[in-house]
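Right, one structure below, let's go through it.
The values are calculated or read from the model by the stated rules, or taken from the named source; none is laboratory data. The structure presented is a predicted model; accordingly, all values stated were derived computationally and were not measured. Note that we place each Cβ from the backbone using ideal geometry, even for glycine, and neighbour counts take in every protein chain shown.
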Amino acid sequence: MRASRRDVLAGGLAAAGTCALPASAVTEPLPLRRGIALWPWFSLTTEFPAPRTDYAWPPFQADRPIPTHDDLRRLAGLGFDFTRLPLDPGPFMAFTGARRSELFGMLSNAIDAVLATGMRVLVNVQANAATHHYTPDAFYGSDRAPLYPTYRALIAELARLCARKGSGRVALEPVNEPPQACGAGAWTRVQAGLLTAAREAAPDLTLVATGACGSLVSGLTSLDPATLARFAPLLYTFHFYEPYLLSHQGATWLTEEPFYRWLNAVPWPGNPARLPETLAAVRARMAADPKISQAEKARDLAVIEAKLREYGAAEPGPAYLAKELAPVSAWADLYGIPARHVLMGEFGALRTDARYTASRAADRTAYLGDVRRAAEQAGFGWSFWNLFDGLGLMDDTHAIDPALVAALGLGRRP
């Protein structure tokens with residue numbers, strides 16, 4: 001269906017060139033080509049349980065991994081030209097007075113530390129769905145959400161901070177992965193309100209727009225950029241983790257699809273001949289966990305076997321990735337948006353287990369290299385997720401994975 005959508009979009013462009021944005025609307029945004037996320041520097045918060053709505057001080061977990069100045073210099077030396085800086089807005093909303101000023105000072109210092117390396121900064125506001133009060137729905141579930149007015153005010157304040165750092169060096173992404181359905185009018189209204197607040201506060205700052213349904217490809221291609229042209233300079237972003245069976249194998253947080261927790265050794269490129277090896281690895285992981293009932297394991301195994309058959313039959317590889325990204329190119333063509341104005345704002349893949357064998361590591365790096373090349377061939381900038389955690393470029397000792405560096409097409413620091 002996605003390929004046919006590309007044909008429909010391309011056909012629409014040929015039949016109706018008036019869909020393209022006027023030349024005056026194509027204002028050049030900040031060039032962001034090769035980036036990496038710095039989560040959880042301003043995330044992993046320590047909010048108090050309900051009914052309280054406040055945070056401990058400092059509001060961020062003390063043991064969370066954060067980049068050192070040397071880490072940032074190494075990232076610049078590898079060839080990253082920007083960092084994406086995720087920010088949990090909850091503490092910035094909960095604290096007032098001197099504490100709030102101190103938070104903004106911390107953020108300002110972090111931006112300065114990145115800029116000192118020569119890299120640019122994309123400040124990305126990521127509401128925390130795991131909290132009980134300062135949630136995405138409460139902030140921007142609709143333009144009538146209880147915290148939407150104060151969220152808009154925060155976006156305006158962040159825009160002013162970014163502008164003070166230099167519109168040629170810093171950009172602002174007001175929302176991460178909006179929860180509304182693809183094409184939802186509620187998201188259209190919310191995003192317009194947030195971009196209005198940011199643009200009034202910072203007339204020249206590059207802003208980042210996205211589609212609904214979690215910033216998926218289908219969310220972006222459901223977006224009508226003609227309604228956003230007045231907010232230029234503007235970048236458009238989407239997130240890409242296809243195929244999820246590969247990128248999210250071993251994910252324990254996907255509780256609505258619990259079979260992901262058992263997945264490991266999913267091959268890349270997809271090869272039906274290797275699927276018995278994958279099933280053996282899945283059964284071994286299940287056998288090692290006595291806490292889950294046999295009935296639950298049998299249920300998950302049946303789902304996994306069906307999913308792996310589909311995966312093997314599709315034989316995913318570079319051509320599969322190009323097909324999955326094609327609707328974004330068609331959408332940009334339809335509206336006359338230069339490919340360089342499109343940012344693949346997240347992509348990545350989990351390490352599958354502590355043993356993480358050489359063959360599994362090779363599959364992961366091959367996949368990441370293929371995704372990166374597919375984005376570059378389409379003309380899109382990209383930002384890798386993440387610097388730390390199970391998807392990270394660095395391990396707990398801050399050592400950089402040289403295989404990932406190569407997969408990202410970057411050079412090694414001497």
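Scan region 179-211 residue by residue and report those that are hydrophobic (A, V, I, L, M, F, W, C) and either on the phi > 0 side of the Ramachandran plot or not in a loop (DSSP other than H, G, I, E, B) (or both).
Listed by number, the residues that qualify are Ala186, Trp187, Val190, Ala192, Leu194, Leu195, Ala197, Ala198, Ala201, Leu207, Val208, Ala209.
Would you call Gly345 assigned by TED's automatic domain parsing to the domain that holds Leu391 and either over 21 Å from the mean Cα position of the chain (by Cα) or of a type in the set (Lys, Arg) (or both)?
No; evaluated as a whole, the condition is false for this residue.
Being in contact (Cβ under 8 Å) with a residue 60 or more places away in the chain, closer than 30 Å to Ala130 by Cα and assigned to a loop (DSSP other than H, G, I, E, B) is the filter here, so list the residues in region 247-281 that pass it.
His248, Gln249, Gly250, Ala251, Leu263, Asn264, Ala265, Val266
Quick check on my filter: what residues within region 310-366 are at pLDDT 95 or above, among the aromatic types (Phe, Trp, Tyr) and not in a helix (DSSP H, G or I)?
Phe347
Under 6 Å by Cβ, and 6 or more places apart or on different chains, what pairs join a residue from region 282-293 that is without any contact (Cβ under 8 Å) to a residue 40 or more places away in the chain with one that is of a type in the set (D, E, K, R) and assigned to a helix (DSSP H, G or I)?
Listed by first residue and then by second, the contacts come to Met286/Lys297.
Do we have Leu404 as surrounded by 15 or more Cβ atoms within 10 Å (Cβ to Cβ) and either out of contact with any His (no Cβ under 8 Å at 6 or more places or on another chain) or without any contact (Cβ under 8 Å) to a residue 24 or more places away in the chain (or both) here?
yes
I'm trying to understand the selection: among the residues of region 46-89, which are among the small types (Gly, Ala, Ser), surrounded by fewer than 15 Cβ atoms within 10 Å (Cβ to Cβ) and part of a loop (DSSP other than H, G, I, E, B)?
Residues satisfying the conditions are Ala50, Ala62.
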